[in-house]
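This report refers to the structure that appears directly beneath it.
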Amino acid sequence: MLSVFFGDMPEAIYNTATYFKNSYRSSWITDPYAVSIIKDVDRSDVVSENVIESPVLGSISPLQLSGGVKTLLLMRFDRKQIYNASTCGDNCAKWILDMAKDRKLVVNLYHVMDFGREDFKIKVVNSGRIVHNMAELIHESIPYL
Amino acid sequence: MNGSHLVKISRRRGTKYTFTIKRNITIVRGDCGTGKTTLFDMVADYMRTGEQSGVSLQCDCPCVALTDYDWRNQLSSVHDSIVFVDEGLKVIHSDEFAHHVLYSSNYFVLISRADFPNLPYSVDEIYKIKTSGKYHSFVPVYQDRGNHRYAISRSAPKQDITYVK
């Protein structure tokens with residue numbers, strides 16, 4: 001299940017791009033799940049472990065992926081840490097929910113991410129309550145943002 | 001600093017941004033992969049080595065990227081400029097940073113999805129980046145639509161996931 005903590009969380013990795021730069025493994029990039037994320041969020045194709053073909057930037061290295069993709073890859077492959085998910089746009093929300101389907105995933109948010117119109121199950125760590133849709137999530141976030 | 005300032009920034013590889021900064025605080029947010037960090041990096045590259053960076057920047061005032069964690073010193077030497085700040089700088093949400101923004105002669109472009117309750121900014125100056133090929137521009141997140149003044153200008157995100165095998 002997905003758990004979110006709203007507001008400042010000292011133990012969370014805030015600057016995920018810097019953490020990614022110094023900790024990612026080449027093998028992450030060619031993993032089929034990572035390839036799907038990169039295709040969907042950045043609209044880019046993985047050519048090899050070190051080369052990604054972007055429609056805007058041309059051939060780029062994994063370090064030039066968007067901040068949101070970097071954070072999603074960290075959530076997927078480096079599960080020891082809690083990450084600042086406010087580096088992810090709303091187009092990353094479905095991937096966060098997908099990763100949290102079969103495991104516990106805790107993320108830190110400084111804004112209310114749009115998780116879509118469908119029902120979901122998210123635990124707000126600050127209050128301990130479980131919310132099931134965006135209206136409940138927005139209401140629950142108010143005291144902490 | 002007063003008035004609007006047109007900024008045109010491009011690089012030899014082809015990425016091009018054109019936008020106008022109208023007030024002292026501008027917020028840029030939006031989906032991932034739209035080019036927010038690329039814009040910031042281009043300003044930072046131009047700031048370091050000018051035209052030799054391969055980045056071309058046209059504006060009637062200096063553009064600065066706040067890259068250093070020694071941001072207090074950096075800001076103390078910048079006046080009448082447009083300062084770009086990326087969300088990677090955690091202090092962006094602090095009261096101390098807000099104080100520097102409020103009592104500065106600079107305009108600030110803050111790239112962050114979080115709200116800034118300690119800063120007075122206009123709902124008209126919250127933008128997302130619209131991409132058309134290699135051309136990028138700012139479009140307001142909240143738009144004037146007749147009877148519903150500030151309707152959010154986007155459709156709900158797609159929730160279906162396609163796995164690449």
Looking only at the range B:48-81, count every residue that is within 20 Å of B:L6 (Cβ to Cβ), open to solvent by 40 Å² or more (accessible area, probe 1.4 Å) and assigned to a helix (DSSP H, G or I) and tell me the total.
1
Among helices (runs of 4 or more DSSP H) entirely within the range A:1-119, at least 2 residues that are among the β-branched types (V, I, T) occur in A:16-23, A:32-41, A:67-77
Failed condition for A:N50, given (1) open to solvent by 60 Å² or more (accessible area, probe 1.4 Å); (2) within 11 Å of chain B (Cβ to nearest Cβ), with all others met?
(2)
Within the range A:29-44, which residues are under 12 Å from A:V69 (Cα atoms) and open to solvent by less than 50 Å² (accessible area, probe 1.4 Å)?
A:I29, A:Y33, A:A34, A:V35, A:S36, A:I37, A:I38, A:V41, A:D42, A:S44
Could you check the range B:1-28 and list, in sequence order, the residues that are open to solvent by 50 Å² or more (accessible area, probe 1.4 Å) and touching a helix residue (DSSP H, G or I) at 6+ places or on another chain (Cβ under 9 Å)?
B:R11, B:K22, B:R23, B:N24
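Can you find a residue in the range A:110-124 that is away from every other protein chain (no Cβ under 13 Å), open to solvent by 30 Å² or more (accessible area, probe 1.4 Å) and either under 15 Å from A:V4 (Cα atoms) or over 13 Å from the mean Cα position of the chain (by Cα) (or both)?
Among the residues of the range A:110-124, at least one is away from every other protein chain (no Cβ under 13 Å), open to solvent by 30 Å² or more (accessible area, probe 1.4 Å) and either under 15 Å from A:V4 (Cα atoms) or over 13 Å from the mean Cα position of the chain (by Cα) (or both), which makes the answer yes.
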Close pairs (9 angstrom Cβ cut-off, 6 or more residues apart or separate chains): more than 10 Å from chain B (Cβ to nearest Cβ) and over 16 Å from A:I122 (Cβ atoms) in the range A:1-19, open to solvent by 10 Å² or more (accessible area, probe 1.4 Å) and of a type outside the set (A, V, I, L, M) anywhere
A:E11/A:Q81; A:A12/A:F5; A:A12/A:Q81; A:I13/A:Y19; A:I13/A:Q81; A:Y19/A:K70; A:Y19/A:D78; A:Y19/A:Q81
Yes or no: A:R76 within 12 Å of the chain's Cα centre (by Cα), more than 22 Å from B:T15 (Cβ to Cβ) and open to solvent by 30 Å² or more (accessible area, probe 1.4 Å)?
yes
Of (1) within 14 Å of chain A (Cβ to nearest Cβ); (2) of a type outside the set (F, W, Y); (3) farther than 17 Å from B:H5 by Cβ; (4) open to solvent by 10 Å² or more (accessible area, probe 1.4 Å), B:S137 satisfies every one except (3)
Within the range B:82-132, how many residues turn out to be assigned to a helix (DSSP H, G or I) and open to solvent by 40 Å² or more (accessible area, probe 1.4 Å)?
9
Index of the failed condition, B:K36 passing every other in (1) among the charged types (D, E, K, R); (2) crowded, with 21+ Cβ neighbours inside 10 Å; (3) without any contact (Cβ under 8 Å) to a residue 60 or more places away in the chain:
(3)
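Those residues that are over 19 Å from B:G88 (Cα atoms), without any contact (Cβ under 8 Å) to a residue 60 or more places away in the chain and of a type in the set (A, V, I, L, M, F, W, C), I need them from the range B:1-33; list them, please.
Those that are over 19 Å from B:G88 (Cα atoms), without any contact (Cβ under 8 Å) to a residue 60 or more places away in the chain and of a type in the set (A, V, I, L, M, F, W, C): B:L6, B:I9.
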Look at A:D98 and say whether it is surrounded by fewer than 21 Cβ atoms within 10 Å (Cβ to Cβ) and more than 9 Å from chain B (Cβ to nearest Cβ).
no
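The values are calculated or read from the model by the stated rules, or taken from the named source; none is laboratory data. Remember, it's a predicted structure, so these values are computed and weren't measured experimentally. Here the Cβ is made from the backbone with ideal geometry for all residues, glycine too, and neighbour counts use every protein chain on show. For accessibility, only protein heavy atoms count, side chains too; no ligands or nucleic acids. Shrake-Rupley method; radii C 1.70, N 1.55, O 1.52, S 1.80 Å.
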